[in-house]
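Reading through the C-alpha cells given below for one structure.
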C-alpha cells in the first residue's frame, strides 16, 4: 500500500511531459468534483423547494352541490358508504319529529331502504346558496319488509321532503329536513287509503 506522501513523490519523479499530463488529469478531476459538489445541492434544493410548495398547497374539496348530489345518489347504491363519506361525524342535526342523532338518521334510512323492494331515490330540485344546498327529494318502493316495527303491507309507498345541508370541507356539517313522514307511516300500516303519496314535480 502506498501512503499519500509516497504517492506524491512518485508522481513528481515522472518525466516532465508525463508529469504535466498527470497534473492536467488531476486538475480536470478537481474541477469536475467541484461542479458536482455545487450541482447536487442545487438539485436537492430544487426538490426541497418543490416539496415545500406541494406541502403548502391548499387541499381541494368537492363543492357543496357536488357533495349533496353524491350523497343523495348514494341512496340508490351504497348508502352506508355515502353517509360515512359525506356526512360529518360532528353533524348538527335539526329534526322535526325526525331523527335526533347522526346514528338514528342513518339507521332509520337503512331500515327504510331494506324494507322497500325496488327502492328508488329521486332528486327533484337542488338550490345552492353559499355553503348551503336545498334538496327537494322523494323515494318510493313496495313495502315488503318490516320498517320501524311495521310489518310488510305490500303497499307501494312514497316519502317526499325537503332537506338543507350546510357543507364545509367536503361534508355536510349541519342538516335540516322536513317531509310527509306521518303520511308515510300511515301508508306503511295501511291507515291511509291509497297507500301512495306522489309529490308534484316541475
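For segment 131-177, the set of residues classified as in a loop (DSSP other than H, G, I, E, B) and in contact (Cβ under 8 Å) with a residue 12 or more places away in the chain consists of 131, 144, 145, 146, 148, 152, 153, 154, 155, 169, 170, listed by residue number. Among the residues of segment 99-112, which ones are more than 15 Å from residue 147 (Cα to Cα) and either at pLDDT below 90 or under 21 Å from the mean Cα position of the chain (by Cα) (or both)? Correct list: 100, 102, 103. Scanning segment 92-116 for residues that are surrounded by fewer than 17 Cβ atoms within 10 Å (Cβ to Cβ) and either in contact with a helix residue (DSSP H, G or I) (Cβ under 7 Å, 6 or more places away or on another chain) or outside the structural domain of residue 183 (by TED's automatic domain parsing) (or both) yields 97, 99, 110.
The values are calculated or read from the model by the stated rules, or taken from the named source; none is laboratory data. What you are looking at is a predicted structure, and each value in this text was computed from that prediction instead of being measured. No Cβ is skipped: glycine too gets one built from the backbone with ideal geometry, and neighbour counts run over all protein chains shown.
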